Amino acid sequence: MKNFIHTIRKSTPFVILFFLGITNFSVAQHTKTVEEKKMKWFKEAKLGIFIHWGIYAVNGIDESWSFFNEYISHEDYIAQKENFSGSKYAPKVWAELIKKSGARYSVITSKHHDGFALWDTKYGNLNAVKHSAAQKDVLTPFVKALKKQKLKVGIYYSLPDWSYPDYTHFTRNKRRYAILEEPQRWEKFLTYYQGQLEELSKKYNPDLYWFDGDWEHSAEEWQAPKVRQMLLKKNPNVIINSRLKGYGDYATPEQGMPITKPKDKYWELCMTINDSWGFQKNDTNYKSIDQVIGIFTDVISNGGNLLLDIGPKADGKIPEEQVKILEELGQWTTKHKEAIFGTLAGVPHGHFYGPTTLSKDKTILYLFVKGNPGSEIVLRGLKNKINRIYVVGNGTKLKHKVVGKVYWSNYPGIKYITVPNYILDDKMTVLAVMLDGKVDLYREDGAVIESN
Ligand code: GLC
């Protein structure tokens, strides 16, 4: 007995440590599932539409940057508000078009770095209602229209406000003050911007916040943890992008499509439809629908979302070229929805020369085939038996054969799928390869026969 008590005594610290370990592990597990639950809709959404709309559409110049970089004076830049009419603003039509494109969410610039707010904010001196030709709130009706279409609502909000008299930066070459020298001015700015955020969260309770411009100050200066807490308190499920100085939920690469699968579990590529975020009459360098679909499939193949940006004109009309691209994108995403929405990233490059995705249970491999591949396409290193191959959105059954399989090795041979040209989609054909179980890939170096 004595011995027993002694052993227990001696091992108590280990027992405690052991249980602490278990608790730590289960806390981590719990946090992970909470995060996965929260991020679920985002992970499955695949496509979002970004909207940059502000007074910069009047002259058709770079949003905010044109005065920050001193290509135009601040005064002339701000004067654009007198012609920001919103006279053809049709939030319902916008939301319908977004829905039609296949997107599951939209993110709109409630306020860019220039400080011009689209809603009736009680903070500051620069908003669409009181300080522009539009004389109306052009954010609320759009948020309502999105919700009506059951689309998730994302609010872009620029942390910097280069027009606000108590913000540090004015232009590239002009600073108003340094925080250390005039901390009370910075406090004033913090109250202003956090007040606006509180307004936004109360008014719209968005599903997602898309911050921007965090590079100008540290997390501490922005009070990023406090802001995150404040937004989560209002809505524990709200998703925050990475640009809150490390206090966000997902990464936001910009313009450049990742070639290899990013390490981040959740990410979204934001990309302009031409070369500009906002409307610029002079920019007709639109991406072709083939290019947009090509980029989109590369993104989902790597497990990300595409946030495709459009820029309505100052009167609120979405330029025809942009409407056309979204409509064509919608036709394609609708036809191929089973290979897109709710899918997982595809198989590593090399097994198939093109983008791929996987059904959630990993038993269907979707192959995205661009153009006319000739009579057959090749699948390498797939250990599964193929039960059936069909053309998505068309249903035609396709034949395949296995070449080079040897009985003495795990090497599964090469699978050749016969692709008749009459089934080809003029933009991108999608094949569904139904497997006999979860996808199983050959990743070995090969073997040498030892007996035959
Ligand atoms: C950049 C630019 C900004 C644009 C944003 C969209 O951060 O500052 O003009 O709104 O990218 O991702």
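The values are calculated or read from the model by the stated rules, or taken from the named source; none is laboratory data. Since the model is a prediction, treat every value here as computed from it, not as a measurement. So basically every Cβ, Gly included, is an ideal-geometry build from the backbone, and we count neighbours across all protein chains shown. Side chains included, ligands, DNA and RNA excluded: accessible areas come from the protein's heavy atoms. Shrake-Rupley method; radii C 1.70, N 1.55, O 1.52, S 1.80 Å.
For each pair in Lys81/Lys136; Lys148/Lys263; Lys111/Lys234; Lys46/Lys233; Lys43/Lys88, compute the distance between the two Cα atoms and list the pairs where it is over 23 Å.
Lys148/Lys263; Lys46/Lys233; Lys43/Lys88
Per DSSP helix of 4 or more residues, -39500 (n - 2.57); summed, then divided by the residues of the chain. What does that give at 222 nm, rounded to the nearest 500? Kindly include the intermediate steps, with their values, before the conclusion.
Details: 12 runs with 147 residues, N = 452.
Result for the chain, helices only: -10000 deg cm²/dmol.
Give me the percent relative contact order of the chain, please, defined on Cα pairs under 8 angstrom at least 6 residues apart. Intermediate values should be presented prior to the final figure.
Values: 851 pairs, mean separation 66.3, N = 452.
That works out to 15 percent.
Using the Cα gyration tensor of the range 27-88, with a ≥ b ≥ c the square roots of its eigenvalues, what is the shape: rounded (a/c below 1.5), prolate (a/b larger than b/c) or oblate (neither)? Taking the square roots of the gyration eigenvalues as a ≥ b ≥ c, the range 27-88 is prolate.
Among the DSSP beta bridges whose two residues both lie in the range 39-335, what percent are antiparallel, rounded to the nearest 5? The partial results should precede the final answer.
Working: 3 of 34 bridges.
If I count the DSSP bridges inside the range 39-335, around 10 percent turn out antiparallel.
The fraction of Cα-Cα pairs per 20 angstrom bin, counted from 0 for the chain, comes to 22, 46, 24, 8, 0 percent, rounded to whole percents.
The phi-based Karplus calculation (6.51 cos²θ - 1.76 cosθ + 1.60; θ = phi - 60°) puts the 3J(HN,Hα) values of the range 133-147 at 4, 4, 6, 8, 6, 10, 9, 3, x, 6, 4, 4, 5, 5, 4 Hz, whole numbers, x for Gly and Pro.
Which pairs in the list Lys265/Lys313; Lys202/Lys261; Lys144/Lys337; Lys152/Lys324; Lys40/Lys226; Lys245/Lys313 are over 28 Å apart, alpha-carbon to alpha-carbon?
On the way: Lys265/Lys313 35 Å; Lys202/Lys261 37 Å; Lys144/Lys337 26 Å; Lys152/Lys324 22 Å; Lys40/Lys226 25 Å; Lys245/Lys313 32 Å.
Table pairs above 28 Å Cα-Cα are Lys265/Lys313; Lys202/Lys261; Lys245/Lys313.
Ranked by the mean number of other Cβ atoms within 10 Å of their residues, highest first, the peptides 251-260, 297-306, 138-147 fall in the order 297-306, 138-147, 251-260. Sequentially through the range 357-363, phi angles give Karplus couplings (6.51, -1.76, 1.60; θ = phi - 60°) of 9, 10, 5, 4, 8, 6, 9 Hz, Gly and Pro residues having no value and appearing as x. Computing FRET efficiency as 1/(1 + (r/R0)^6) for Trp215 and Asp120, where r is the C-beta to C-beta distance and R0 is 30 Å, gives about 0.55. Expressed as a whole percent, the accessible area of the chain that falls on carbon and sulfur atoms is 54 (1.4 Å probe).
Surface calculation, 1.4 Å probe, protein heavy atoms: Glu96 sits at approximately 80 Å² accessible.
Rounded to the nearest whole Hz, the Karplus-based 3J(HN,Hα) values (6.51 cos²θ - 1.76 cosθ + 1.60, θ = phi - 60°) of the range 428-443 follow the sequence 7, 8, 10, 10, 9, 9, 7, 9, 7, x, 4, 3, 9, 10, 7, 10, with x at glycine and proline.
Residues whose amide H lies under 5 Å from that of Tyr209, counting only those 5 or more places away or on a different chain, are Ile155, Ile239, Ile240, Asn241; hydrogens are built 1.01 Å from N in the peptide plane. Against the chain, whose longest principal axis is taken from its Cα atoms, helix 91-101 shows a tilt of about 20°. Each peptide in 70-79, 346-355 receives the mean, over its residues, of other Cβ atoms within 10 Å, and ordering these scores from highest gives 346-355, 70-79.
Give the peptides 307-320, 367-380, 393-406 in descending order of average Cβ contacts within 10 Å, highest first.
On the way: 307-320: 21.6, 367-380: 16.9, 393-406: 12.6.
Listed from highest to lowest mean packing, they are 307-320, 367-380, 393-406.
Dipole orientation for the range 344-435: of the candidates Tyr416, Asn372, Val402, Val402 has the Cα lying most toward the positive pole (charges on Cβ; Lys, Arg +1; Asp, Glu -1).
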